[in-house]
Amino acid sequence: MKVIIAQRHPLDKPVNSPEEIIRKWLETIFPGSISVRDILVSSPSRVCQVGNNPIVRDTEKTQESRKIEFNSTSDKCVSCLVYVSVSPETDVGVAQAEIFGKLSLAFNSSQVTLIADPSSLSVRPIDPVTPTETQQPSIGVPADPTGLSTTRESLDFNSTGPGIASTFYRVHMKLNMTTTVTRNDPGETIQKWVQRKLGKAKMNVLNFKTLNSTYKVNDHKKTGLEMVNPGSCPEDTHESFRGVYIWPITEAQMTETMICEKNHGSRASRKCELDGVTEKAKWAKPNLKACKLVITISDLDKVTVTANNSADVVDMIKDLLGDEGDLSDSQLATVVQKLDEVLGVSTVTPQLGGDIVNIIADILGSNSDLSAVANDILGITDSVGDQMDFPEELLNVTVPSLALSMINVDPVQFQGLTFGVSSFSTGLVPEIFVNQIFLSQPCDGTVASISLPQALHNFFPQGNKKKRVQFHFYGIQELFKDPATNWTLNSYVVSASVNNSNVSNLRDPVVVTLSHLKPKEKNNKVECVYWDFQKNNGSGGWDSNGCETLPSISAYQTTCHCYHLTHFGVLLDVSRTPISEADQEILTVISYLGCGVSSIFLGISLLTYVVFEKLRSDYPSKILINLSVALLGLNLVFLLDSWLSSFGSYSLCITTAATLHYFLLASFTWMGLEAVHMYFALVKVFNVYVPFYIQKFCAIGWGIPLLIVSLVLAIEKDAYGSVLSEASLDSLRGSEPFCWIQSNVFFYVTVVAFVLLVLVFNVVVFIVVLVQIRHMQTNKPAATGNKRCAMHDLRAVASLTFLLGLTWPIAFFTWGPARVPMLYLFSVLNSLQGFFIFVFHCLMKENVRKQWRIHLCCGRFRLSDYSDWSRSMTMGSKTKQNQLVHRSPSVKSVNTSSRKISDDSTTASCSSGTPYQQGA
């Protein structure tokens, strides 16, 4: 505590010492349970800096108004440290509160007035210590107490507590030291021993050093002790970017605090240190980290960057970026310019380099337009990597969305280098690895990698210059905008460089493997490119010269061979004639509406044929039922696919994709079986007998798709997964995640090749059937001029087209200027395939309509008996010679009703010319 002592006495009487006065004062005010053990008092001072205590101020005014004659040395200000004991023992908090309350009150007697500054009071419990008689009367710092101060924060062991003036001594010691041979510094051991010994007397060791580390056996311990008067730190005005601060006169080893100029809730601090050489008090560097800057980014133009203030400028930019957020073009240019100036005058330590890289990461993560400073930012990161001063062989710097790896290489032992990013998510710190060998193939799961061949050692700098290779990873695309291309950057960017070298025309290629941000779709094109700093009038842009894009079956990564070093990426060309967002949305709506409508009418068709037994008694009807089941499953799974994929379940997505694959293959298999049966019915009409006909068709129609899907799951189940949708076999699916085949190999083999094979066969059968019909028409010239028969032929062709899936080949013609119209046609026809099957093979069939009228209609629309149905069956029996499948003794079949390609009423009028019935 700090105590003001005002003593009144005649001039002929001696003045009591401050220690005697304070002891009598304390013994007077303390109760019997509190006894004073020891008092340590600093040298008296005429200047006493006290807090804003009204008691002190009022007493001082009273002293000035007294007319009594005082001794000129009677008014004193001292700092003191008092040890007391409490007996009997009581609660620490209670004792602290009682002592603090007694000391906070001013004490007046006839001869003396004592006032303790409450702001300097610190009451702490300590371990029992008995001061020795030889102890010097000095004021040190108490060892770290077990309790807390009632008025101040805990004191730092290495600094003098606030409000306590210290006495300093210079201690010279010569001592013998016996020790075992260890790696520990003897001086460090001695310092710990001295601190432990003096700490018991509440003293602290400052500026310890050993003058001679050779110890003689015959030397005896010698100690020299003399007082040091370091003085005080003078008043100092410190101007900085965080404000102007006037530090008052402060005693050595004291720390002053001041309220920050901009943010008043925080404080700046500065310590008055004891110089270990001059043994004088001197100001340490102010700690202003808690204070906000009082300037803006625009004021940086007025700052001159030097080697001495470069670190401060970097810290200032970091703070300003946190306050400003997004930067304007001019602010961004100023920041980049100052960073470049810092690199031009400074030695880039790992700390400084890491701070600069953090600033770059903050800029990349903002919404600022970076196109004007892209090359400058890339140049700064390159300079940081080149100039970074570190003794190790390898140093990595990783910050959100950015990573640098610097390797000091030995040209003699250089066998290549591989840098890669094993894991990364936008906005997070990338996980990187470096291998001291050349890897021609990337590791599994690598986001990006770049491998340098051994031939690169020919480009290392000659002489004693350092040989350094550095790699960069940029996890953000906004930095690499090229207005001259319509292509999209579809990967992260990696780069490699050799210091002080321009690497080009390499004998062996640099292998760059980059994962796609968006899976490559069927019609997309990818190309390996590098960032050319000279393109677009020096603003930079992408170029592919010197880079080769290797053929790849993967939609998820691309491997490049390049013969120079720079920043590499993969561009994606979505389509040579991309569709607009409006067209894409319309096509998506058409697809989902068409599939929904088809599902409804396929369900009606299935229900009709299953409920009415007479309709499913022949082979064509049974084949139609199986085809309808496959198409209904395909449409329903397609409609639910995006919803199921939104759950994010790995197993659910694989199951959904495999199910969709199965129903797609089953649909085309049954379309092919329709063509097979049609061939038997219309072309090969004699001596056709196939035992277990429908059973074999079912085994093929449902078994082959199951076999294919099972093989895919057994070979590589990860071939199925969640992908971004594309213009596929069904239509445009939109941009939502979609569970489907994500492996190009399995897609082209198990889907494209299979579908193409079925469609080629169906087209051939379709042509043969048309030729057969035309041949029969030429043999019946009476029917060639009949317009009703011409309409019947047209309906027959349309019916076969949808039945055999002949609208699907439109997908192979969605290119060039006709791409958008063909996509619309493809979406409408194929999503409504189930609806058209219902129209031609259910709604327009006379026998189906009669079953509806018999069982579903009422009133005049309902048929009262089966006379019309019987009559129709009789007519069919009498016209066997016109049926396309003749039942002979060698043909094992049942007498079934015929399924007609068009409606029966039209067939009746044209039967003499064109018999279009399919029998079994």
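Looking at 810, 837, can you tell me which residue is assigned to a helix (DSSP H, G or I) and either more than 23 Å from residue 585 (Cβ to Cβ) or of a type in the set (Lys, Arg) (or both)?
Numbers: 810 fails: either more than 23 Å from residue 585 (Cβ to Cβ) or of a type in the set (Lys, Arg) (or both).
Matching residue, one of 810, 837: 837.
Out of the residues in the stretch 189-201 that are farther than 18 Å from residue 228 by Cα and open to solvent by less than 90 Å² (accessible area, probe 1.4 Å), which is modelled with the lowest pLDDT?
Our first condition is that a residue be farther than 18 Å from residue 228 by Cα; within the stretch 189-201, this holds for 189-197, 199-201.
If we keep only those that are open to solvent by less than 90 Å² (accessible area, probe 1.4 Å) as well, we get 189-191, 193-195, 199, 201.
Values: 189: 79, 190: 79, 191: 79, 193: 82, 194: 80, 195: 79, 199: 73, 201: 68.
Applying the filter and picking the extreme gives 201.
Any chance you could count how many residues in the stretch 469-499 are assigned to a loop (DSSP other than H, G, I, E, B), surrounded by fewer than 20 Cβ atoms within 10 Å (Cβ to Cβ) and touching a strand residue (DSSP E or B) at 6+ places or on another chain (Cβ under 9 Å)?
So in the stretch 469-499, the residues assigned to a loop (DSSP other than H, G, I, E, B) come out as 475-487, 490-492, 499.
Those still in the list that are surrounded by fewer than 20 Cβ atoms within 10 Å (Cβ to Cβ) too: 476-478, 481, 483-487, 499.
Keeping just the survivors that are touching a strand residue (DSSP E or B) at 6+ places or on another chain (Cβ under 9 Å) gives 476-477, 481, 483-487, 499.
Adding up the residues that qualify gives 9.
Among the residues of the stretch 639-673, count how many are modelled with pLDDT of 90 or more and open to solvent by less than 40 Å² (accessible area, probe 1.4 Å).
15
Can you tell me which condition residue 697 does not meet? The list is (1) buried (at least 21 other Cβ atoms within 10 Å of the Cβ); (2) farther than 30 Å from residue 749 by Cα, and all the others hold.
Only one criterion in (1) buried (at least 21 other Cβ atoms within 10 Å of the Cβ); (2) farther than 30 Å from residue 749 by Cα is unmet by residue 697, namely (2).
Could you tell me whether the stretch 395-408 includes any residue that is open to solvent by 40 Å² or more (accessible area, probe 1.4 Å), free of Cβ contacts under 8 Å to residues at least 40 places away in the same chain and either farther than 19 Å from residue 350 by Cα or of a type in the set (Asp, Glu) (or both)?
So far as the stretch 395-408 goes, no, none of its residues is open to solvent by 40 Å² or more (accessible area, probe 1.4 Å), free of Cβ contacts under 8 Å to residues at least 40 places away in the same chain and either farther than 19 Å from residue 350 by Cα or of a type in the set (Asp, Glu) (or both).
Which one is surrounded by the most Cβ atoms within 10 Å (Cβ to Cβ) among residues in the stretch 794-807 that are hydrophobic (A, V, I, L, M, F, W, C), touching a Phe, Trp or Tyr at 6+ places or on another chain (Cβ under 9 Å) and part of a helix (DSSP H, G or I)? It would help to see each step written out before you state the result.
Taking the stretch 794-807 first, the residues hydrophobic (A, V, I, L, M, F, W, C) are 794, 796-798, 800, 802-804, 806.
Right, trim to touching a Phe, Trp or Tyr at 6+ places or on another chain (Cβ under 9 Å) and you get 796-798, 800, 802-804, 806.
Those still in the list that are part of a helix (DSSP H, G or I) too: 796-798, 800, 802-803.
On the way: 796: 21, 797: 16, 798: 15, 800: 20, 802: 22, 803: 25.
The qualifying residue surrounded by the most Cβ atoms within 10 Å (Cβ to Cβ) is 803.
Among the residues of the stretch 516-542, count how many are assigned to a strand (DSSP E or B), open to solvent by 30 Å² or more (accessible area, probe 1.4 Å) and within 20 Å of residue 472 (Cβ to Cβ).
2
Looking at residue 251, is it surrounded by 13 or more Cβ atoms within 10 Å (Cβ to Cβ), touching a residue at least 60 places away in the same chain (Cβ under 8 Å), over 30 Å from residue 178 (Cα atoms) and charged (D, E, K, R)? Full working, then the answer.
Numbers: surrounded by 13 or more Cβ atoms within 10 Å (Cβ to Cβ): yes; touching a residue at least 60 places away in the same chain (Cβ under 8 Å): yes; over 30 Å from residue 178 (Cα atoms): yes; charged (D, E, K, R): yes.
When the stated conditions are applied, residue 251 passes them.
Regarding the stretch 294-307, can at least one residue be identified that is closer than 26 Å to residue 396 by Cβ and open to solvent by less than 70 Å² (accessible area, probe 1.4 Å)? Spell out how you get there, then give the answer.
First pass over the stretch 294-307, keeping only residues closer than 26 Å to residue 396 by Cβ: none.
Checking the stretch 294-307: not a single residue is closer than 26 Å to residue 396 by Cβ and open to solvent by less than 70 Å² (accessible area, probe 1.4 Å).
Report, ordered by the first and then the second residue, all pairs with beta carbons closer than 9 Å, sequence separation of six or more or different chains, a first member in the stretch 438-462 that is open to solvent by 60 Å² or more (accessible area, probe 1.4 Å), and a second member that is in a loop (DSSP other than H, G, I, E, B) and among the aromatic types (Phe, Trp, Tyr).
Listed by first residue and then by second, the contacts come to 454/414; 454/438; 457/414.
I need a count of the residues in the stretch 418-437 that are open to solvent by 40 Å² or more (accessible area, probe 1.4 Å) and not in a loop (DSSP other than H, G, I, E, B). Can you show your working first?
Within the stretch 418-437, the subset open to solvent by 40 Å² or more (accessible area, probe 1.4 Å) is 422-423, 425-429, 431, 433, 435-437.
When the remaining residues are screened for being not in a loop (DSSP other than H, G, I, E, B), the result is 422-423, 431, 433, 435.
Qualifying residue count, the stretch 418-437: 5.
Looking at the stretch 206-246 only, could you name the residues that are charged (D, E, K, R) and either modelled with pLDDT of 80 or more or touching a strand residue (DSSP E or B) at 6+ places or on another chain (Cβ under 8 Å) (or both)?
Scanning the stretch 206-246 gives 219, 221, 222, 226, 235, 236, 239, 242.
Looking only at the stretch 226-242, count every residue that is within 25 Å of residue 262 (Cα to Cα), surrounded by fewer than 20 Cβ atoms within 10 Å (Cβ to Cβ) and in contact (Cβ under 8 Å) with a residue 24 or more places away in the chain and tell me the total.
Total satisfying the criteria: 3.
Quick one: which of 331, 415 is over 15 Å from residue 496 (Cα atoms), in a loop (DSSP other than H, G, I, E, B) and not aromatic (Phe, Trp, Tyr)? Show your work before the answer.
Details: 331 fails: in a loop (DSSP other than H, G, I, E, B).
Being over 15 Å from residue 496 (Cα atoms), in a loop (DSSP other than H, G, I, E, B) and not aromatic (Phe, Trp, Tyr) holds for just one of 331, 415, which is 415.
The values are calculated or read from the model by the stated rules, or taken from the named source; none is laboratory data. Just so it is clear, the model here is predicted, and its values are computed rather than measured. Positions of Cβ are backbone-derived with ideal geometry, glycine not excepted, and every protein chain shown enters the neighbour counts. The area values use the complete protein model at the heavy-atom level, side chains included, leaving out ligands, DNA and RNA. Shrake-Rupley method; radii C 1.70, N 1.55, O 1.52, S 1.80 Å.
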